[in-house]
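**Q** I have a structure I would like to understand better, so I am pasting it below and will then ask my questions one at a time.
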Amino acid sequence: MSTRRPLALHWKILIGFALGVIIGIAIDRFWTPATWASLGVNDPQSFMAPKSGEAFATGKGAEANQDASFVARSVRFVSNANTFIGQLFFQSLRFIAVPVVFCSLIVGVASLGDIKRLGRIGVKTLAYFAITGAVAITLGLVIANVAEPGKRISPEKRAELLIEYESRVAESVTRTLDVPSIWQQLISMIPANPFQALATAQMLQVIFFSIAIGLGLTMITRAKAEPVLQFFDTLTDVIVKLVGIVMHLAPYAVFCLVTQALVNMGTDMLVGLVYYVLTVVLGLGLVLAVIYPLLLRTMAGVGYRRFFRAMSPAMLTAFSSSSSSATLPVTIACASKRLGVSERITSFVCPLGATVNMDGTAMYQGIAAMFIAQMYVGDLSIAQQLTIVLTALLASIGTPGIPGAGVVMLVIVLESVGIPTQGIAIILGVDRLLDMLRTVVNVAGDSTAAAIVAKSEGELESEAEVARRLADDPDVG
Ligand code: ASP
């Protein structure tokens, strides 16, 4: 017992995260155009931009930067390496996401045994998703009504932001207008070609396909189903093992992704929008620190320390990647291996949740709509606010788990109550930061759901059981 245990993964990631925040903010604050000039770089943007073929051919930016010193070139190298490591991690997770859903869901559904049981778990899960989503939005609206962030922004700042981001809003509006109706969306869950669904990572279609195969396997004789089940079961184990390996990169990747995001985003844009940002942060913080722990304690008998210790790698990955879909393999590994949710419940609830359950996004869309309304049309009536609850819930369900999607779908919420969509321009500058935060809540919400559903089915391990298992499985520990 006297041998020193290596630092647990979540601590390593947390250290990477903290260093990323400190260094990202320091670079943003202290690295100025004058610093570049002292290193012989007069056009930092073209100096740092990845060189396209055209830029090489035309020598674009070369003249301004021909005096770039060795230090400047080294900085560029470090920056490129930083981007590379972040992307390597992100891409490795994306590479795993579809196979993990496909294989684990087939095995999960088949092992549920019958369609009745699947139906019961499905109804519970969806009801939980809808109720927590509605609670999150309502809470967001209450906070926005009390804090009134929209009345605290100066007209000058508003005009300045409007001009800066106007053209990008037009893009979001046209993109959102292409969104199919709810009926079309339901039909399109059935893939015309399941292999295409797998190849293009259409998550809802992949889920449908996997459930169908899993159910089909329960309807044929056990002897015939067994080899196929064995195959997918083994493949699931292999994939979860791969996640464990990829996670060794997480502390470094989280550092790289967070520094990058902070440097690209800058902290200047917070000025003038600080009330809005604080309102969203307060709302998300309440969901994460009060609502989920309460639900976990009362409905799953899980204390918040156990939950956060188990799920923190997934939550930190969500923060740095801003994508519930890319985080999904980590969510699945953490929920099943570290939190103790059975594999079949994890494989059903987590992929579904990553696609349709977005409490963080739903709350954010509610607060953002109120903020823009307070600036342009004043207070909203109760009926209008109820409309926001409903449309934000639907919009969050339709929001794909990728970076920046929530703000695009916000258009639907604004249009439902006649709030001018150009108001989105005002909040676009701070969206990256809020996206990182709401994705953490989205992922925490999915795993909370998994723990609660598992408990109700008698499929949640006790803390002691998890600890015993983890002692033999260092990869995810
Ligand atoms: N980035 C979020 C997610 O992946 C979606 C959003 O933009 O709200 O969960």
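Values quoted throughout were computed directly from the atomic coordinates according to the rules given, and no laboratory measurement underlies them. The structure displayed is predicted, hence computed values, not measured ones. Positions of Cβ are generated from backbone atoms using ideal geometry, with glycine treated the same way; all protein chains shown enter the neighbour counts.
**Q** Rounded if a/c is under 1.5, else prolate if a/b is larger than b/c, else oblate: which is the range 281-356, with a ≥ b ≥ c the root eigenvalues of its Cα gyration tensor?
**A** Here the range 281-356 falls in the oblate category.
**Q** Within the chain, how many Lys pairs sit with Cα atoms under 13 Å apart, leaving out pairs fewer than 8 places apart on the same chain?
**A** Count of close lysine pairs: 4.
**Q** For a protection proxy built on the mean count of beta-carbon atoms within 10 angstrom, sort 82-92, 32-42, 396-406, 355-365 highest first, please.
**A** The peptides rank, most packed first, as 355-365, 396-406, 82-92, 32-42.
**Q** What angle, in degrees between 0 and 90 and rounded to the nearest 10, separates the Cα long axis of helix 70-112 from the longest principal axis of the Cα atoms of the chain?
**A** Compared with the principal axis, the helix lies near 20 degrees.
**Q** Further, regarding this structure: Taking neighbour counts of Cβ atoms within 10 Å as a proxy for exposure, in what order, fewest first, do 254, 246, 71 appear?
**A** Fewest to most other Cβ atoms nearby, the residues stand as 71, 246, 254.
**Q** Give the order of 219, 315, 436 when sorted by the count of other beta carbons within 10 angstrom, beginning with the fewest.
**A** 219, 436, 315
**Q** When a footprinting reagent is the concern and you count Cβ atoms within 10 Å, what order do 292, 128 take, fewest first?
**A** 128, 292
**Q** A further question on this structure: Could you work out how far helix 324-333 tilts from the main Cα principal axis of the chain, as a 0 to 90 degree angle to the nearest 10?
**A** Helix 324-333 sits roughly 40 degrees off the main axis of the chain.
**Q** Please give the peptides 7-13, 382-388, 93-99 ranked by average Cβ packing (other Cβ atoms within 10 Å per residue), highest first, as a rough proxy for protection.
**A** 93-99, 7-13, 382-388
**Q** Let me ask something additional. Find the centroid of the Cα atoms in the range 407-424 and in the range 178-221, then give the distance between the two in whole Å.
**A** Centre-to-centre distance over Cα atoms comes out at 30 Å.
**Q** Against the longest alpha carbon principal axis of the chain, how many degrees, from 0 to 90 and to the nearest 10, is the axis of helix 274-286 turned?
**A** For 274-286 against the chain, the angle is about 10 degrees.
**Q** With an 8 Å cut-off on Cα pairs and a minimum separation of 6 or more residues, tell me the relative contact order of the chain in percent.
**A** So the answer I get is 27 percent.
**Q** Each residue of the range 214-225 in turn: what ³J(HN,Hα) in whole Hz from Karplus with 6.51, -1.76, 1.60 and θ = phi - 60°, glycine and Pro shown as x?
**A** Values per residue, Gly and Pro as x: x, 5, x, 5, 7, 9, 9, 5, 4, 4, 6, 6 Hz.
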